[in-house]
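Written out below as C-alpha cells is the structure these notes cover.
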Amino acid sequence: MRPKGSAEELERRRRRAVALLQKGHGLREVGRLVGASPGSVLRWREMYRRAGEEGLRAKPHPGPKPKLGYRDRRRLVKLLQRGPLAHGYRTELWTLERVAEVIWRHFRVKYHIGHVWYILRGLGWSCQKPERRARERDEQAIKTWRKRRWPHIKKL
C-alpha cells in the first residue's frame, strides 16, 4: 500500500533515510526514524548506490490522467458553493446525482455517482444529512422548558 504524503514528501523521506544511513545509523533505526520498514530503507539504499540522487526521485503516479484537472476541481468547488438553487434545483440539498449533473453540464465529463463521492471527499466535502425540524419550532420556548421544566422531570 502506498504511504500517505505527496510525491515530494516521500522523496524527502527517502533522501533523509539515505543521509541517516551515511551518518552510520542502522537499517532498523533509520526505518523507525523515518516511519518506514527496514526493507524499504534497504531498497532505498540500493537505489541510491545504483543511480545516485536520481534513484531517490519521485516517480509519476500510475494510472490514467484525471478527467477533472486541478483548475477544474477548484472551479467545481466554486460552483457547488453557490448552492443547488443557483443551478436550478428546487431544494437546498446536494445529492451525488445532482453533483454529477453539474459536472456534466459545466465540464462535459460523465462520472458514476459512486465516483462523485470520491471526488467530493478529495475536495474536503463530507456527507451531511439535513436536520429535520418543524417550521413552527419555537427555540425560545424550548430553551425555557429545558432550563425550568426539564430539571424537575429529571429528578423524578
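What follows draws every value from the coordinates through simple rules; no lab data is involved. Source: prediction; values computed, not measured. Cβ sites come from the backbone with ideal geometry, for glycine too, and all protein chains shown count toward neighbours.
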**Request:** Return the FRET efficiency for the residue pair VAL77, ASP138: r is the Cβ-Cβ distance, R0 is 35 Å, and the value is rounded to the nearest 0.05.
**Result:** 0.45
**Fill in**
Of ILE113, ILE103, ILE142, the most mobile residue in a GNM of the chain (C-alpha springs, cutoff 10 Å) is ILE142
**Request:** Return the label of the correct value of semi-axes √(5λ) of the Cα gyration tensor in Å, as calculated from the structure shown, out of (1) 58, 28, 12; (2) 50, 29, 11; (3) 23, 18, 15.
**Result:** (2)
**Complete:** Scoring only Lys, Arg, Asp and Glu (+1, +1, -1, -1) among other residues with Cβ under 12 Å from the Cβ of ARG43 yields +3
**Item:** Cα-based Rg and Dmax for segment 39-115, where Dmax is the largest Cα-Cα distance (Å)
**Value:** 20.8, 63
**Request:** Report ³J(HN,Hα) in whole Hz for each residue of segment 77-90, in order, from the Karplus equation J = 6.51 cos²θ - 1.76 cosθ + 1.60 where θ = phi - 60°; Gly and Pro get x.
**Result:** 4, 4, 5, 5, 5, 5, x, x, 4, 5, 9, x, 8, 7
**Fill in**
Computed on Cα atoms, the radius of gyration and Dmax of segment 70-122 in angstrom are 10.3, 30
**Fill in**
Contour minus Cα-Cα span, TYR70 to ALA51, at 0.36 nm per residue, comes to 3.6 nm
**Item:** Local net charge near LYS67, Cβ-Cβ under 12 Å (Lys/Arg +1, Asp/Glu -1)
**Value:** +3
